[in-house]
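Let me begin by presenting the structure, written as structure tokens, before commenting on it.
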Amino acid sequence: MGRKLAKDRKPTDFSARNRTYLRAFWCRGPVEHAGPLRMLPQTLSLDLPLTGLIGALTHALDMTEGQPRGHSLRCCWIGMAVAKAAGLPESLHEDIYYAILLKDLGCSSNAARICELYLADDLTLKRDYKFVNGSLSQALRFVLSHTGLSHGLAERVRAIVHILQNGGEITSELIETRCHKGSDIAAKMGFSETVCAGIRSLDEHWDGSGKPEGLSGTAIPVSSQIALMAQVADVFQTSTTPEAARREISIRAGGWFDPALVSAFLSASADKQFWEDLASPDLERKVYELAPGRSTRIVTAGMLDHIAEGFAEVIDSKSPYTAGHSERVTIYTDMIAEAMGYSDEDRQSLKRVALLHDIGKLGVSNAILDKPGKLSDTEWLAMRNHPVYSDQILSRSTAFRGLTQIARGHHERLDGKGYPDGLSGKQISMETRIVTLADIFDALTADRPYRAAMPVAKALGILREDAGTGIDPQCLMALESVMERLNLDKAA
Ligand SMILES: [Fe+2]
Ligand SMILES: [Fe+2]
């Protein structure tokens with residue numbers, strides 16, 4: 001099917017001026033128009049379990065936390081074993097399961113602030129901070145060894161002094177931002193209040209020394225306690241050994257963790273099979289099979305939309321430079337697609353991929369994303385990889401089948417000078433061209449911390465210069481017709 005016309009809608013309702021403009025582009029460019037367009041899937045089968053969809057997207061969260069891939073899934077496996085060994089009622093299992101998988105949902109929201117405070121790469125810093133046990137000596141060593149390493153001495157000393165003087169407040173601020181944002185996003189996705197509370201209290205400690213509320217004992221949701229314990233266990237077992245992980249959890253009994261849950265962990269992890277399963281390449285499937293209530297949790301179209309919107313918020317929270325970007329790209333994508341006569345069903349699919357086109361940016365450090373100056377070759381290479389990461393993350397779920405190439409191709413150009421694959425002409429689908437145009441249009445017209453928004457007319461002028469070589473003229477014509485109509489609507 002692909003471009004099926006929306007009911008009662010003409011395929012094009014472009015103005016005469018735009019038709020002339022389009023003809024001019026057809027004649028001028030060396031780039032051939034894409035022949036048969038790559039088709040969007042006619043119907044998106046939603047006969048897929050929620051576990052697979054969430055499990056796939058957790059890979060993006062692992063990247064943002066600087067964790068080895070599969071961290072969230074391994075945590076889920078560890079945590080569910082603890083829940084069972086502790087004899088927790090089965091009615092709690094499902095909430096614990098999703099609270100663990102989504103524990104890092106707010107992880108992107110403090111990334112920019114971490115970079116700013118520590119003058120450091122947020123991915124490395126977050127990864128290494130997970131080894132700090134809360135003692136003053138460890139915290140001090142961490143600050144000294146991670147702050148402003150690539151900066152001048154004066155800047156570095158200033159940053160270190162600031163952190164040491166305001167350490168408590170800074171930690172609270174960073175944790176509060178992360179936990180509250182994560183919990184809010186989970187609520188928007190439609191998860192239960194128990195799941196949200198589990199995410200919100202992830203960094204609380206059994207003895208009351210945690211953040212952000214300083215909750216203690218049974219006031220902390222059991223899912224938070226298990227999720228944090230699973231996180232510590234996985235961080236230590238992946239970087240050292242299972243024995244080191246068991247030792248670390250034991251040391252924190254009564255401090256960070258409920259002693260009863262520590263006993264449950266030690267009992268569950270005493271079996272060699274536990275660690276073999278955790279290292280198994282088949283772990284993902286095992287985690288999905290483990291899902292409580294899995295038979296009833298099938299993703300509906302509405303759920304998929306909410307989850308995509310939630311992850312778009314995770315993406316947009318990563319950098320102040322791109323706040324609201326994914327959402328606006330989605331709106332522009334939809335308006336262009338509508339003007340080009342795409343069906344409602346295809347527009348729905350396009351909106352989902354537009355929401356998630358930059359999900360791979362979660363794997364790029366804010367030291368690069370927010371860098372005010374020119375990127376070095378290495379930094380530029382990391383930046384150019386973000387569409388590849390988007391493809392890799394989305395490809396893990398069948399929910400995005402047929403759409404991943406659009407996410408991968410959103411920085412390609414018709415003349416072959418784009419990235420990551422240097423595709424050209426017919427190799428770039430019309431759907432990809434639509435998202436690309438929406439992406440550039442937003443980059444030009446959005447307010448940025450370092451410059452005011454560019455007027456629409458000026459942005460369209462810049463885009464015209466690139467039509468036929470960088471962007472697709474037909475898509476641009478559709479965008480212009482939309483802008484024209486909006487203007488007319490405004491004037492009416
Ligand atoms: Fe991008
Ligand atoms: Fe983008």
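Taken together, the values in this text are just the output of simple stated rules run on the coordinates, not laboratory data. A quick note: this is a predicted structure, and the numbers were derived from the prediction, not measured. Methodologically, a virtual Cβ is constructed for each residue, glycine included, from the backbone with ideal geometry; neighbour enumeration extends over all protein chains shown.
Per-structure values
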| quantity | calculated |
| --- | --- |
| Gyration tensor (Cα) of the stretch 400-454, equivalent ellipsoid semi-axes in angstrom | 24, 13, 9 |
| Residues VAL435, VAL456, sorted so that the one with the fewest Cβ neighbours within 10 Å comes first | VAL456, VAL435 |
| Lys/Arg +1, Asp/Glu -1 at C-beta; the stretch 386-488 dipole; positive extreme among SER429, THR469, ASN487 | SER429 |
| Added length on full extension, which subtracts the Cα-Cα distance from 0.36 nm per residue, GLU243 to ARG451 | 69.6 nm |
| Anisotropy class of the stretch 227-373 from Cα gyration tensor, a/c 1.5 cut | prolate |
| Debye, to nearest 20: dipole size of the stretch 191-265, +1 on Lys, Arg Cβ, -1 on Asp, Glu Cβ | 120 debye |
| Highest average packing first - 478-486, 276-284, 437-445, 360-368, Cβ atoms within 10 Å | 360-368, 437-445, 478-486, 276-284 |
| Stokes-Einstein D (µm²/s) once Rh is taken as the Kirkwood radius of the stretch 239-312 over alpha-carbon pairs, at 4 °C in 1.567 mPa s | 84 µm²/s |
| Length released on extending from ARG297 to LYS426, taking residue separation times 0.36 nm less the Cα-Cα span | 42.5 nm |
| Separation between Cα centres of the stretch 405-462 and the stretch 176-238, rounded to whole Å | 38 Å |
| Computed E for THR378/LEU290 - FRET, C-beta separation, R0 35 angstrom, nearest 0.05 | 0.30 |
| Which of THR194, THR218, HIS205, positive extreme of dipole for the stretch 187-300 (C-beta unit charges) | THR194 |
| Too-long pairs where the Cα-Cα distance tops 23 Å, listed order kept, from LYS103/LYS130; LYS103/LYS211; LYS130/LYS286; LYS84/LYS272; LYS188/LYS286 | LYS130/LYS286; LYS188/LYS286 |
